[in-house]
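Chemist: Below is a structure I'd like to ask you about.
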Amino acid sequence: MSIRPDHWIRRMCLEHGMIEPFEEKQVRSGAISYGVSSYGYDLRIADEFKIFTNVNSTIVDPKHMDPASMVDFKGPVALIPPNSFALGRSVEYFRIPRNVMTVCLGKSTYARCGIITNVTPFEPEWEGFVTLEISNTTPLPARVYANEGIAQVLFFESDSPCEVSYKDKAGKYQAQRGITLPRL
């Protein structure tokens, strides 16, 4: 398995629609960068957020996430409360090939401010908008800028396709469209 460079990413996007919309070059002017990088793709966060609130004194439970514990917000800048988190989704829709696996990491611009982006791997043949978890580890409110870079996706290509893909397993997050809460 090897990590794939920028020219491979461009080819896969232009010929196979792996990322849509696709930004062929890295965009930086006045924004937190997004688009193709040397060995990955910097995805953007959309302007839709679910911001965690504890007004109901709820317990965070991955088996029973209470939708009432999240406040929907739409706008260019989301404020994440101190020591809290929000969910967002990518601007880009991904279609991962059967012989590819990704790892997604938060961007250093946010990490240097105590804002951590957590994303799970994109498995072979998974597709959809990415649901992102953004944690504010600071004791102060934190800003997250919509339609700008939030995380970098690294692509690992195998010499052979996997035996069972995410699509084959009928994965519970396959083809997700909006911000998706935990499912069993």
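Bear in mind these aren't lab numbers, they're just calculated from the coordinates by the rules spelled out. For clarity, every value in this text was computed on a predicted model and none was experimentally measured. Heads up, the Cβs are rebuilt from the backbone with ideal geometry, glycines too, and the neighbour counts pull from every protein chain shown.
Chemist: Calculate the FRET efficiency for S84 and S160 from the Cβ-Cβ distance with a Förster distance of 30 Å, rounded to the nearest 0.05.
Modeler: Given R0 = 30 Å and the Cβ-Cβ separation, E is 0.10.
Chemist: Given a Förster radius of 30 Å and the C-beta distance between L14 and T180 as r, what FRET efficiency does 1/(1 + (r/R0)^6) yield to the nearest 0.05? Before the final figure, lay out each step's value.
Modeler: Values: r = 28 Å, r/R0 = 0.93.
Approximately 0.60, to the nearest 0.05.
Chemist: While we're here: I'd like the distance between the alpha-carbon centres of region 67-109 and region 137-184, rounded to an integer number of Å.
Modeler: Centre-to-centre (Cα) distance: 8 Å.
Chemist: Assigning unit charges at the beta carbon (Lys, Arg +1; Asp, Glu -1) and nothing else, what dipole magnitude in debye, to the nearest 20, does the chain show about its Cα centre?
Modeler: It works out to roughly 280 debye.
Chemist: Which of the lysines could be linked to K74 by a straight reach, that is with a Cα gap under 30 Å, when you skip same-chain ones fewer than 8 residues away?
Modeler: List returned: K25, K50, K63, K107, K172.
Chemist: DSSP loop (so not H, G, I, E, B), at most 13 other Cβ within 10 Å: list which trypsin sites (Lys or Arg not before Pro) in region 83-184 pass both filters. Please list the in-between numbers first.
Modeler: Numbers: sites: R89, R95, R98, K107, R112, R143, K167, K169, K172, R177, R183; in loops: R98, K107, R112, K167, K169, K172, R177, R183.
Loop-located and lightly packed - R112, K169, K172, R177, R183.
Chemist: Right, next: State the answer as a single residue: which of A142, N99, F122 lies farthest towards the positive end of the charge dipole of region 49-174, with beta carbon charges of +1 for Lys and Arg and -1 for Asp and Glu, about the Cα centre.
Modeler: The one lying farthest along the dipole's positive direction is A142.
Chemist: I've got another one for you. Work from the charge dipole of the chain (Cβ charges, +1 for Lys and Arg, -1 for Asp and Glu, about the Cα centre) and give the residue of S84, H64, F155 farthest towards its positive end.
Modeler: Checked the options; the winner is S84.
Chemist: So, with +1 on the Cβ of K and R and -1 on the Cβ of D and E, and no other charges, what is the size of the charge dipole of region 85-184 about its Cα centre, to the nearest 20 debye? Intermediate results must be reported in sequence, preceding the final value.
Modeler: Details: 11 positive and 10 negative charges, 85 e Å.
Charge dipole, region 85-184, about its Cα centre: 400 debye, nearest 20.
Chemist: Give the Debye-formula value of log10 I(q)/I(0) at each listed q (0.11, 0.24 Å⁻¹), with one equal scatterer per alpha carbon of region 87-184, two decimals each.
Modeler: With one equal scatterer per Cα and no solvent, log10 I(q)/I(0) is -0.36, -1.27.
Chemist: For T117, what is the net charge nearby, where nearby means another residue's Cβ is under 9 Å from its Cβ and Lys, Arg count +1, Asp, Glu -1?
Modeler: Here the count lands on 0.
Chemist: So what's Rg/Rh here for region 1-66, counting alpha carbon atoms and using the Kirkwood radius for Rh? Walk me through the numbers on the way to the answer.
Modeler: Working: Rg = 17.8 Å, Rh = 14.9 Å.
Checking Rg against Rh, the ratio lands at 1.19.
Chemist: Quick check: net charge around D168, other residues with Cβ under 14 Å of its Cβ, Lys/Arg +1 and Asp/Glu -1? Could the numbers behind the result be given before it?
Modeler: On the way: positive: R98, K167, K169, K172; negative: E123, E125, E127, E163.
Summing Lys/Arg as +1 and Asp/Glu as -1 gives 0.
Chemist: Count charges around A151 for me, please; just the other residues with Cβ under 15 Å from its Cβ, Lys/Arg as +1, Asp/Glu as -1.
Modeler: Numbers: positive: R44, R89, K107, R112; negative: E23, D42, E92, E133, E148.
In short, -1.
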